[in-house]
Structures are given as structure tokens and as C-alpha cells.
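**Student:** Below: one structure in C-alpha cells.
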Amino acid sequence: MNIEPRAPRLAVLIDADNASARIATGLFEEIAKIGEASVRRIYGDFSGTRLKGWSDVMSIHAIMPHQNFAYTSGKNASDIALVIDAMDLLHSGRFEAFCLVSSDSDFTRLAARIREQGTDVYGFGEQKTPESFRQACRRFIYTENLLPEAPNLAQHEQSKAPQAKALKPPSAATPLIRKAIAQLDDDNGWVSLSMVGKQLSNLATDFDPRTYGQVKLSDLVLKTGAFVTKRIPSGGIQLRLRPVQSKAKAKSK
């Protein structure tokens, strides 16, 4: 009897003060690509109306609220509670990875400490998140890409669907893709798209085609207009830099 291997167990810890409830559905869909969200906890002061958005969706996504009253102005009891729980969960040894949902740079040291233990950290936060926190994570996903209006596969498959607004133009990804190709380049200049994707993740923890308005890396590569692609017999895609034409040749055509 063949038993399928269990998906990686994840501890999802949400900083309600620094994350919008509008991302809830997209967040857990994205987390499902990584593994099983075994622990789902959210931290904040839910006694008022400020976090009502999260209160309305917690039961839908089975998120356990951890109430932290703001007894003193300027002191964030929620952050402290999240860090304490994270360390307890880390030392339990039951989780393959942590998902920290916040745009707060205060969690940079927590992410670094978890990774020192050999456990992966996936960060989720807004584009304004300080680079220190983004780089402390194995991968960082912009929550703007998880909103209902963000680029998604269903929209991609419906050619008549309205184009989602990109956080950055596709051309902004060209220098990074060029760098990835340069680090993988072989004798003939062609490199595997899948290898480029892996190298991009190593170069920038927050790289995501959706940031540039595209669902797939292959679509982004074509959209930039800076690369040539070809499909190989095995079904994979290879790419290389588009040759630069001289002005004289361009005029003669």
C-alpha cells in the first residue's frame, strides 16, 4: 500500500495590526502551495472595531485569535506574544516552515533566528516592507499580489478578462532576469527557464511574476521583449538574451 508523503507542516502567524483582512483568501491559497497550515494564529486587540475585518473572516479560515489588550500606548503586546509563540512552536520541532504575515521590520530578527535553526520562513507583507525583513525570509510574497484584483491564473486563461494592475512594469524585471541568465549561461547562451526561476528566487526573495502583472515567468520573459525563447523536445523552455542589432542593420531592414 503506497502512502503519499505528508505535505510540509506550517505554522502561520499573522500580525493583525500590519496585515489587511482582504488578503485572507489569497493568503491561504498561496500557503496551500507551500504545505499544510497546521497552526493558524492571529495576534491583535480584537476588543474594538479596528480589526473587525479580521474578526469577520477568522472562522471562515479557521484562524485562532490571540487577544492582546493594548494596556499602554506605544507598546505592542501583540508582537511580543507572536514572538513568544513562534519560539515555542519552533522548539517543539513539529514544523517544517513558518509563515510570518506582517509588514513590520521588527520581525526581522525572529525570521533570522528561525532560519538559524534550519527551518524555512516565508514572509507575507506589503511592498513597503523593509528589505531587512524581506531578505531574512527564504521567500517573501507581496500581499498586494494576494488581493482579489491581483493577477491570477483564472484571469490569465480568460483573454477577455480585464488586465490586473501591476505593481511594477515588466521591463523592471529585465535586469534581474539578465543577471540570472549570466550566472547560468552555458557555451551557446541558452539556459533553462526552470533554472532561471530557481536562480531568481536565490537572487531576490521577493521575486514574483505577479508583481509585474504576469501570472507565469514565461509570460513575463516574453512581455519584457528582451529575451528569445524556444521550446525543446522534452517540453521545457529555454531562453537567452535577444541579440542587439546595430543601427545600420536595423535601418537596412
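The values are calculated or read from the model by the stated rules, or taken from the named source; none is laboratory data. What you see is a predicted model; the values in this text were computed from it and never measured. A quick note on method: Cβ atoms are made from the backbone with ideal geometry, for glycine too, and the neighbour counts reach across all protein chains shown.
**Student:** Which ones in region 205-239 are small (G, A, S), more than 13 Å from T174 (Cβ to Cβ) and touching a helix residue (DSSP H, G or I) at 6+ places or on another chain (Cβ under 9 Å)?
**Tutor:** G213, S218, G236
**Student:** Within region 83-128, track down each residue that is hydroxyl-bearing (S, T, Y) and under 23 Å from A32 (Cα atoms).
**Tutor:** S92, S102, S103, T119, Y122
**Student:** From K223, K230, grab the single residue that is crowded, with 16+ Cβ neighbours inside 10 Å and either among the basic types (K, R) or under 25 Å from E131 (Cα atoms) (or both).
**Tutor:** Only one candidate passes the filter, namely K223.
**Student:** Oh, and also: Could you tell me whether region 54-67 includes any residue that is among the polar types (S, T, N, Q), in contact (Cβ under 8 Å) with a residue 40 or more places away in the chain and assigned by TED's automatic domain parsing to the domain that holds V121?
**Tutor:** no
**Student:** I would also like to ask the following. Could you list all residues from region 166-197 that are touching a helix residue (DSSP H, G or I) at 6+ places or on another chain (Cβ under 9 Å) and free of Cβ contacts under 8 Å to residues at least 12 places away in the same chain?
**Tutor:** M195, the sole residue that qualifies.
**Student:** Let me ask something else. When you scan region 170-210, how many residues do you find that are in a helix (DSSP H, G or I) and touching an Asp or Glu at 6+ places or on another chain (Cβ under 8 Å)?
**Tutor:** Residues that pass the stated criteria total 1.
**Student:** Does region 136-150 contain any residue that is over 27 Å from K216 (Cβ atoms) and either of a type outside the set (D, E, K, R) or not assigned by TED's automatic domain parsing to the domain that holds I34 (or both)?
**Tutor:** yes
**Student:** Could you please find all residues in region 31-46 being surrounded by fewer than 16 Cβ atoms within 10 Å (Cβ to Cβ) and of a type in the set (D, E)?
**Tutor:** Selection gives E36 alone.
**Student:** If you don't mind, another one. Within region 33-148, which strands (runs of 3 or more DSSP E) (wholly inside it) include 1 or more residues that are among the basic types (K, R) and at pLDDT 95 or above?
**Tutor:** Strands (runs of 3 or more DSSP E) meeting the threshold: 36-44, 139-142.
**Student:** Starting from residues that are of a type outside the set (G, A, S) and within 14 Å of the chain's Cα centre (by Cα), keep the ones in region 13-30 and report whichever is surrounded by the fewest Cβ atoms within 10 Å (Cβ to Cβ).
**Tutor:** Among those that are of a type outside the set (G, A, S) and within 14 Å of the chain's Cα centre (by Cα), it is E29.
**Student:** Kindly list the number of the only condition in (1) in contact with a Lys or Arg (Cβ under 8 Å, 6 or more places away or on another chain); (2) under 30 Å from S103 (Cβ atoms); (3) of a type in the set (A, V, I, L, M, F, W, C) that fails for A204.
**Tutor:** With respect to (1) in contact with a Lys or Arg (Cβ under 8 Å, 6 or more places away or on another chain); (2) under 30 Å from S103 (Cβ atoms); (3) of a type in the set (A, V, I, L, M, F, W, C), A204 is out only on (1).
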